[in-house]
1. Looking at Gly64, is it of a type in the set (Gly, Ala, Ser), modelled with pLDDT of 95 or more and either outside any strand (DSSP E or B) or within 30 Å of Glu207 (Cα to Cα) (or both)?
2. In the stretch 191-216, which residue that is over 18 Å from the mean Cα position of the chain (by Cα) and not in a helix (DSSP H, G or I) is nearest to Cys298 (Cα to Cα)?
3. Is it the case, given these coordinates, that Asp243 is open to solvent by 10 Å² or more (accessible area, probe 1.4 Å) and either touching a Phe, Trp or Tyr at 6+ places or on another chain (Cβ under 6 Å) or assigned to a loop (DSSP other than H, G, I, E, B) (or both)?
4. Of the residues Arg255, Arg269, Arg277, which single one is open to solvent by 60 Å² or more (accessible area, probe 1.4 Å) and over 19 Å from Leu170 (Cα atoms)?
5. Val30: open to solvent by less than 30 Å² (accessible area, probe 1.4 Å), among the hydrophobic types (A, V, I, L, M, F, W, C) and touching an Asp or Glu at 6+ places or on another chain (Cβ under 6 Å), yes or no?
6. Here is a check on your reading of the model: is Leu179 in a helix (DSSP H, G or I), open to solvent by less than 10 Å² (accessible area, probe 1.4 Å) and touching a residue at least 40 places away in the same chain (Cβ under 8 Å)?
7. Scan the stretch 308-322 and tell me whether some residue there is crowded, with 18+ Cβ neighbours inside 10 Å, outside any helix (DSSP H, G or I) and under 18 Å from the mean Cα position of the chain (by Cα).
Amino acid sequence: MAPKYRLVLGPALLALAVLGVFVVSRARSVARELTDPPFYHVQPLERVEATYRDLAKGGFGDPGGAWETFDAGPRRVWFLRRAEPAPGVVLMLHGFGDDRWGTSPALRQFPHLDAAIFTYLGRDDAMREGRPAPPVTFGAKESREVAGVVHALEAKGYPRRHILLLGRSLGASVALLALAQLEKEDRGPLGGIIWEGAPASSRDFAERLVRGPEDRFWHPFLAPAIGSLGSAWAAAKGGYDRDATDLKLQVDDMRLRTPSLCFIASQDRLAPPPVQRWVASRFKVNRSVEVPTWHLHCSEILGSRYGDEVRAATESWIPSRR
């Protein structure tokens, strides 16, 4: 090879090698974040129990209640039973990098309903016991566990129309994926679903993790490839099909009969607003509240109106017993 070609080819090959290392390194980082969120730190059981005692006492307009537990397949479910008979139950679904402890205070938004919550895949207990935590599967396995808990609530005597799902961020995706599974059973709709900021799929979310809060010149060229490779590695580690996390593929042409309340952050870079609007359009009955803000900041911008919207929707779907 002529020296002049070696002068050109050498730096080009070096640049390709550096680029390849960058892509693989970022993809591995994304895969780790998808399966084991680095910002999640399990809480000591003593702190969790203290929080649950406070919630049982009530306050802030909430009457409290008594905690019970029951098993739904392999999952232990925590259940707050109100002192007065409740007309229904809200199943609260936690988000990405969270667990039952972080989401349980949301039951205060539903003072006339019983409440149920669990941690997907038992990740919190595994960490507390020093066992390897199961990898997050971005809704593929989590949604099946939610459907199992709904079946267990039905077995406890709650009609399907008296069961409400609540989820934000990954909890919203899990709720929507579970709802699609439950409605395909053709046993009727649920009482309602309240959701906000649902990631479109593990593949889409991985690409958005790469893009981050600001656009960079290299994002259009490399972010899709890094996101695709990272989500593929995450799916291989978690043992799931990425298509099982895709809201558009799973909802497809369904007309969902469960009534919906959706909060859409119009500047959301993690849960694309066009996908939120498309999913909302698949409900026969839906109210969308669009807010000019970022991911999971709707309540901060709306203030008291956020709670008013939740209470109005819940009361219209599952009226309180007066």
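1. Answer is yes for this residue.
2. Filtering the stretch 191-216 for residues that are over 18 Å from the mean Cα position of the chain (by Cα) and not in a helix (DSSP H, G or I), the one nearest to Cys298 (Cα to Cα) comes out as Pro213.
3. Considered against the rule, which asks whether it is open to solvent by 10 Å² or more (accessible area, probe 1.4 Å) and either touching a Phe, Trp or Tyr at 6+ places or on another chain (Cβ under 6 Å) or assigned to a loop (DSSP other than H, G, I, E, B) (or both), Asp243 comes out as no.
4. Answer to the selection: Arg255.
5. When the stated conditions are applied, Val30 does not pass them.
6. So Leu179 fits the description; yes.
7. No, the stretch 308-322 contains no residue that is crowded, with 18+ Cβ neighbours inside 10 Å, outside any helix (DSSP H, G or I) and under 18 Å from the mean Cα position of the chain (by Cα).
Residues checked against (1) modelled with pLDDT under 95; (2) closer than 20 Å to Arg203 by Cα:
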residue: Leu249; (1), (2): no, yes
residue: Asp252; (1), (2): yes, yes
residue: Leu256; (1), (2): no, no
residue: Trp278; (1), (2): no, yes
residue: Arg287; (1), (2): no, no
residue: Arg305; (1), (2): no, no
residue: Glu309; (1), (2): no, no
residue: Ala313; (1), (2): no, no
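The values are calculated or read from the model by the stated rules, or taken from the named source; none is laboratory data. None of these values were measured; they are calculated from a predicted model. No Cβ is skipped: glycine too gets one built from the backbone with ideal geometry, and neighbour counts run over all protein chains shown. The accessibility values were calculated without ligands, DNA or RNA, using every heavy atom of the protein model including side chains. Shrake-Rupley method; radii C 1.70, N 1.55, O 1.52, S 1.80 Å.
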